[in-house]
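Please read the structure below before turning to the comments.
The values are calculated or read from the model by the stated rules, or taken from the named source; none is laboratory data. Just so it is clear, the structure is predicted and the values come from calculations on it, not from any experiment. Note: ideal-geometry Cβ built from the backbone for every residue, glycine included; neighbour counts use all protein chains shown.
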Amino acid sequence: MNLKTTIDTAVQSMMPDIPNPVKESWQAGLQQIEETGVVARTVKEGTLASDFELNDVNGDAVSLHSLLTEGNVVLKFIRGSWCPFCSMEFKAWKDIASDLGAVGARLVMVTPEADEDARSAFGDAPFTVLIDETQEVGTRFGINFEIPDRLREVHDAFQIDLAKKNASKAWVLPAPALFLIDKAGKVRYRFVNSDYTKRAEPLDVLERAKEIIPGSIAMRGPENKGTGDERSC
């Protein structure tokens with residue numbers, strides 16, 4: 001069963017138990033997310049990714065540049081372990097992480113979730129999990145949005161308090177985006193959807209990762225401003 005089928009089946013099974021007013025708020029909230037323009041502002045394919053450094057769930061500092069010295073990177077943003085769709089996605093990526101590694105791609109997951117919760121949920125991951133504590137990295141990639149009022153009604157109905165769930169304590173979340181970045185730091189593929197039940201299919205990403213030929217390191221940072229032709233996130 002692919003990830004789409006898993007999530008679609010879960011959504012269908014949830015619907016009978018969700019009160020109609022909450023369903024209406026959910027649909028209205030998804031529309032409000034779309035209206036934020038998050039998809040349009042997310043960094044595009046061909047963008048030269050700027051470097052960043054975050055702590056992993058064990059408290060160790062990890063930079064994108066250091067990861068790219070080892071190979072291509074699949075950079076996956078998730079909301080947190082409290083999100084059932086993220087938990088399904090996490091399992092799907094666990095199942096395919098070694099296959100990505102076999103084709104020279106390293107899976108790296110980024111979450112704004114508070115340290116202790118993220119460590120408890122993702123500490124056994126066979127890949128790197130980073131905590132975007134201030135949510136600066138998600139903002140830099142253009143995927144963060146403030147929770148609209150109708151979607152906040154849904155969070156309240158399910159007793160999900162982002163002020164407690166997020167390390168930043170902000171009512172801000174990333175769209176479930178994915179960026180396939182080659183060793184030269186260029187975004188070769190991206191997936192982003194304003195509907196957080198829609199996720200990149202791991203097997204599709206694996207096939208795209210197989211097509212990338214490793215290149216040289218050319219990260220954009222303070223010491224490497226580029227030629228002006230590259231677009232930087």
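All of 157, 125, 170, 105 fail the test of being among the aliphatic types (A, V, I, L, M) and touching a Lys or Arg at 6+ places or on another chain (Cβ under 8 Å), apart from 125. Checking each residue in segment 172-182 for being part of a loop (DSSP other than H, G, I, E, B) and either of a type in the set (A, V, I, L, M) or touching a Cys at 6+ places or on another chain (Cβ under 6 Å) (or both) picks out 175, 177. Tally the residues that are crowded, with 19+ Cβ neighbours inside 10 Å and part of a helix (DSSP H, G or I), restricting the search to segment 33-43. The number of residues fulfilling the criteria is 2.
On the stretch given as segment 175-233, residues that are modelled with pLDDT under 65 and among the basic types (Lys, Arg) total 3.
Counting only helices (runs of 4 or more DSSP H) that sit completely within segment 96-171, those holding 2 or more residues that are over 19 Å from the mean Cα position of the chain (by Cα) and not hydrophobic (A, V, I, L, M, F, W, C) correspond to 149-157.
Yes or no, residue by residue, for (1) part of a loop (DSSP other than H, G, I, E, B); (2) of a type in the set (A, V, I, L, M, F, W, C):
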position	(1), (2)
184	yes, yes
187	no, yes
190	no, no
194	yes, no
198	yes, no
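What's the total number of residues in segment 1-51 that are closer than 18 Å to residue 149 by Cβ and among the acidic types (Asp, Glu)? Counting residues in segment 1-51 that are closer than 18 Å to residue 149 by Cβ and among the acidic types (Asp, Glu) gives 3.
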